[in-house]
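For reference, the structure is listed below as structure tokens.
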Amino acid sequence: MKKLNVRHALALSFCLSLFSFASYAQPEAKTDTLHIPKNVKVILDNSCFGCHNTDSRNDDAKEELDLKTLPQLSGTKRLVALKHIGEVIEENEMPPEKFLERKPEKALTDKQKETLIDWVKQESTSLLSK
């Protein structure tokens, strides 16, 4: 009778160990979210979203950056995308001159550029701290 109890205890202990390891080894659910403040969203909607979205007819722009899928990107990919956004804004590459010739109202003001760059830095820092 004692042998049976020892075997049961060992089996139970083994099962609990496996369960504990299995739950430890599971990847955590993705909890990071992309925070887009209203003032940033207004700028993106006005000057960026028309070309940089899944439904855009501008294949090059949506391939370069799709703002609709930005929140679903993994941490590293999102970090790269945010870095790219900051760079093209700092270098005055976006919106492109050709586009602005047709739609000058889409040009970014210095204040809007600063707002977007600050947002990119904030989101990047947030991602790196996780």
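One residue is enough: does segment 77-94 have a residue meeting the conditions surrounded by 11 or more Cβ atoms within 10 Å (Cβ to Cβ) and outside any helix (DSSP H, G or I)?
Yes, segment 77-94 contains at least one residue that is surrounded by 11 or more Cβ atoms within 10 Å (Cβ to Cβ) and outside any helix (DSSP H, G or I).
So that you can scan it fast, the table gives a plain yes or no per residue for (1) over 28 Å from K130 (Cα atoms); (2) of a type in the set (S, T, Y):
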site: T33; (1), (2): no, yes
site: N39; (1), (2): no, no
site: C51; (1), (2): yes, no
site: D66; (1), (2): no, no
site: L73; (1), (2): no, no
site: M94; (1), (2): yes, no
site: K98; (1), (2): yes, no
site: Q112; (1), (2): no, no
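Closer than 30 Å to E114 by Cα and at pLDDT below 90 - does that describe any residue in segment 15-30?
yes
Counting only residues that are part of a helix (DSSP H, G or I) and over 15 Å from the mean Cα position of the chain (by Cα), which one in segment 45-71 is modelled with the lowest pLDDT?
Taking segment 45-71 first, the residues part of a helix (DSSP H, G or I) are 45-47, 59-64, 70-71.
Now narrow it down to the ones that are over 15 Å from the mean Cα position of the chain (by Cα): 45-47, 59-63.
Details: D45: 96, N46: 95, S47: 95, D59: 92, D60: 92, A61: 93, K62: 89, E63: 92.
Filtering segment 45-71 for residues that are part of a helix (DSSP H, G or I) and over 15 Å from the mean Cα position of the chain (by Cα), the one modelled with the lowest pLDDT comes out as K62.
Just give me the residues in segment 55-76 being within 17 Å of D45 (Cβ to Cβ) and surrounded by 12 or more Cβ atoms within 10 Å (Cβ to Cβ), in sequence order.
Within segment 55-76, S56, N58, A61, K62, L65, D66, L67, K68, T69, L70, P71 qualify.
Output the qualifying pairs, or none if there are none: Cβ atoms under 8 angstrom, residues six or more apart or on different chains, first residue in segment 83-103 and over 21 Å from Q122 (Cα atoms), second residue crowded, with 17+ Cβ neighbours inside 10 Å and among the polar types (S, T, N, Q).
So the pair list comes out as P95/S47.
So, E114, is that one over 15 Å from L34 (Cβ atoms), in a helix (DSSP H, G or I) and modelled with pLDDT of 95 or more or not?
Here the answer is yes, as E114 does meet what is asked.
The values are calculated or read from the model by the stated rules, or taken from the named source; none is laboratory data. Computed from a predicted structure; not experimentally measured. A quick note on method: Cβ atoms are made from the backbone with ideal geometry, for glycine too, and the neighbour counts reach across all protein chains shown.
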